[in-house]
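Just below is one structure, and these are the notes that go with it.
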Amino acid sequence: TTNSSICDMAFLPVGLVLFCLSSSFADEFNCPSLPPLTKSAQNVYELKPQDIKVVMALGDSVTAAFAAAGQQLSIRDFYEYRGQSWSLGGDPNVSTIAAFIRHYTPNVIGASIGSHFVEFCYGIICFPDQYRPSEDVFNAAQTGAMLPNLVNHEFTYLYEQLTKNSAVDMKNDWKLLTILAGFNDVCLGCSGSVPFLTADDFEKHLVAVLEKVRENIPRVFVNIGELFNISLVYEVSKQSHYCESVHRILPIECYCAFAYGKEGDKTRREMDHLIAQYNERIRKIAYEYSQKKYSEFAVVAQPGFRDGTAHRVPIGFLSSVRQQG
């Protein structure tokens, strides 16, 4: 209803956008408009889409929209199409969370635009001065990022850009932060022999980044996307000869997902088990924050493809989230 707050509609932003992106008949975002606000939200429990003035994101290559234009057979195969990012894409005619918010707040700040060569950060390998603020804006995601990279590398960029931007009222503007990360942790940790990639470590790092946000950025509503099973990406990728060839030649992209034979079957089962543990921790964290009842900070878990529906979508959805229309 038009009077529902964001907390009442906790699953709306991500759920709606994922539906739109995965539906071939979704040519435009056609949700009804909402009436003008008589007053802005005084706490997070009153928050409505029209209250959101700033959109932000932390994550990995999914949020950075790496290779989102699909197979190019050129240097552009190594580009990030941030203007099409599922959560923060701000290019014209895209179905994204940022576009959803812009439908209700036309002057919303923070959506990423355009495309550029990949920005890479993986564990201790994070190249300095990669960000392109004019295009990335408040999309701090880095291709290859693991959870610890969000705590320091990505948060540092996001906070600096927020404080530098004169259009942002840091104290009073309501901000929507979307986080989706953990896939690279799973790709490295699927063997179970990496001691710093357990579910306990995942929880520790996720809480660390949330606390950094809560303590330093006022008025934030956080969406945390749950992870889909990467094993399903393996099954879907078999629809494409190009994808199969790439994964056969370069299994290092995520060896545990794309290994062949009995070894691959074993590592994919281990990945699914670890992702289930990660998702359980995401829900646990969201519940614990809900019990703290902060007036200007909230965390919700978005189910997304958690329950294994990724295999039902076409290969183009996973390899190239293209512009609609």
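The values are calculated or read from the model by the stated rules, or taken from the named source; none is laboratory data. Because the structure is a prediction, the values reported are computed rather than measured. No Cβ is skipped: glycine too gets one built from the backbone with ideal geometry, and neighbour counts run over all protein chains shown. These area figures cover heavy atoms from the full protein model, side chains too; ligands, DNA and RNA do not enter into them. Shrake-Rupley method; radii C 1.70, N 1.55, O 1.52, S 1.80 Å.
Put simply, of C31, C7 the only residue that is at pLDDT 50 or above and not in a strand (DSSP E or B) is C31. Quick check on region 160-176. Is at least one of its residues at pLDDT 95 or above and small (G, A, S)? Yes: region 160-176 contains one or more residues that are at pLDDT 95 or above and small (G, A, S).
Residues in region 172-181 that are out of contact with any Gly (no Cβ under 9 Å at 6 or more places or on another chain), closer than 21 Å to G89 by Cβ and in a loop (DSSP other than H, G, I, E, B): D173 only. Quick check on region 117-128. Is at least one of its residues open to solvent by 20 Å² or more (accessible area, probe 1.4 Å), among the hydroxyl-bearing types (S, T, Y), touching a residue at least 12 places away in the same chain (Cβ under 8 Å) and within 19 Å of T156 (Cα to Cα)? Taking every residue of region 117-128 in turn, at least one turns out to be open to solvent by 20 Å² or more (accessible area, probe 1.4 Å), among the hydroxyl-bearing types (S, T, Y), touching a residue at least 12 places away in the same chain (Cβ under 8 Å) and within 19 Å of T156 (Cα to Cα). Being open to solvent by 30 Å² or more (accessible area, probe 1.4 Å), farther than 20 Å from A67 by Cβ and outside any helix (DSSP H, G or I) is true of D169. Testing G83 on (1) within 30 Å of C187 (Cβ to Cβ); (2) surrounded by fewer than 21 Cβ atoms within 10 Å (Cβ to Cβ), one condition comes back false. Which one is that? It fails just one condition, (2).
Restricting attention to region 54-75, which residues are open to solvent by 20 Å² or more (accessible area, probe 1.4 Å) and either at pLDDT 95 or above or within 21 Å of Y122 (Cβ to Cβ) (or both)? Those that are open to solvent by 20 Å² or more (accessible area, probe 1.4 Å) and either at pLDDT 95 or above or within 21 Å of Y122 (Cβ to Cβ) (or both): S61, V62, F66, A67, I75. Among the residues of region 97-108, the ones that are over 30 Å from D201 (Cβ atoms), open to solvent by less than 70 Å² (accessible area, probe 1.4 Å) and touching a residue at least 60 places away in the same chain (Cβ under 8 Å) come to 4 in all.
Scanning region 246-264 for residues that are at pLDDT below 60, open to solvent by 50 Å² or more (accessible area, probe 1.4 Å) and part of a helix (DSSP H, G or I) returns R248, I249, I252, E253. The C-beta contact set for region 207-231 (first residue under 16 Å from L162 (Cα atoms) and in contact (Cβ under 8 Å) with a residue 24 or more places away in the chain, second residue assigned to a loop (DSSP other than H, G, I, E, B) and open to solvent by less than 20 Å² (accessible area, probe 1.4 Å), distance under 8 angstrom, 6+ apart or interchain) comprises F221/I6; F221/L47. Considering each residue of region 187-199 in turn, none proves to be under 19 Å from the mean Cα position of the chain (by Cα) and closer than 23 Å to I97 by Cβ.
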